[in-house]
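Below: one structure, written as structure tokens.
The values are calculated or read from the model by the stated rules, or taken from the named source; none is laboratory data. For clarity, every value in this text was computed on a predicted model and none was experimentally measured. Don't worry about glycine lacking a Cβ; one is built from the backbone with ideal geometry, like all the others, and counts go over all protein chains shown. What goes into the accessible areas is simple: the full protein's heavy atoms, side chains included, and nothing from ligands, DNA or RNA. Shrake-Rupley method; radii C 1.70, N 1.55, O 1.52, S 1.80 Å.
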Amino acid sequence: MVSNILFMLFLNSGGSASNDLSMKVTGYENGNVKPVYVSSILQKKGENPLFLSCIASGKFKEMMIHAAKDGFYLPVLSAFRTHREQHRMKRQRGNLAARPGWSNHQMGLSIDLGGTTRVIRGKRYRTILYWWMKRNAKRYGFYNDVETEPWHWTFYGDSPPPPVKKKVTEPPKEKSNNV
């Protein structure tokens with residue numbers, strides 16, 4: 001099983017361990033341009049290699065090996081995004097996507113994983129892959145920092161993210177003056 005998953009990683013990287021590309025790209029943090037050094041995560045989307053910031057990439061590759069030993073493959077659907085790609089994502093997904101310049105994908109810190117949810121009879125459920133990530137990803141500095149997106153994982157390194165704020169569904173109740 002492990003050898004099959006490692007073989008899939010090998011094929012997805014183009015069949016060569018030397019495809020570990022690194023480069024400097026234009027990133028965005030809090031709306032500001034910031035240079036980012038990214039490295040290939042040895043997976044592709046179509047013909048294009050996927051990238052994360054260099055440190056996140058290294059930790060993700062370590063996590064892929066751990067996952068393979070446990071019988072899981074971590075299929076990445078999205079990683080570093082250019083400004084143009086984030087614009088396209090915002091147009092396609094509306095409020096489900098961050099504004100261009102404000103996405104952690106644009107700093108090479110976030111990935112979107114396939115296989116973390118499954119729809120059964122019209123209802124979305126989290127899969128065993130999601131629960132594996134929830135239990136193990138923090139060892140590698142990755143956290144599911146958007147509660148409503150089980151596929152979205154962001155690299156925070158040794159500093160866990162701030163607590164996720166819950167959406168308020170009703171206004172706060174007024175305090176009664178009755179004593």
*Can you put Lys69, Lys138, Lys59 in order of accessible area, largest first, using a 1.4 Å probe?*
Lys69, Lys138, Lys59
*Set the Förster radius R0 to 25 Å, insert the Cβ-Cβ distance between Trp131 and Cys54 as r into 1/(1 + (r/R0)^6), and round the FRET efficiency to 0.05.*
0.30
*asked:* Under the 0.36 nm per residue contour assumption, what length would be gained going from the current alpha-carbon distance of Thr82 and Glu147 to full extension?
replied: 21.0 nm
*Distance check, please: which entries in Lys69/Lys134; Lys44/Lys134; Lys61/Lys134 exceed 19 angstrom between their Cα atoms?*
Lys44/Lys134
*Taking Cα centroids, how far is the range 100-118 from the range 25-89 in Å?*
8 Å
*Could you run the Karplus curve 6.51 cos²θ - 1.76 cosθ + 1.60 with θ = phi - 60° over the range 129-136 and give me ³J(HN,Hα) per residue in whole Hz, x for Gly and Pro?*
5, 4, 5, 5, 4, 4, 7, 10
_Residues in the range 101-143 reached by a label modelled at Arg91 [backbone nitrogen below 17 Å; 7 Å Cα→Cβ]_ = 101
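If contacts are Cα pairs under 8 angstrom and at least 6 residues apart, what is the relative contact order of the range 49-110 in percent?
Here the relative contact order equals 42 percent.
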*Sequence of Met89, Met63, Met23 from largest to smallest accessible area, 1.4 Å probe*: Met23, Met89, Met63
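Using 1/(1 + (r/R0)^6) with R0 = 30 angstrom and r between the beta carbons of Ile65 and Val119, what's the FRET efficiency to the nearest 0.05?
Details: r = 30 Å, r/R0 = 0.99.
After rounding to 0.05, the efficiency reads 0.50.
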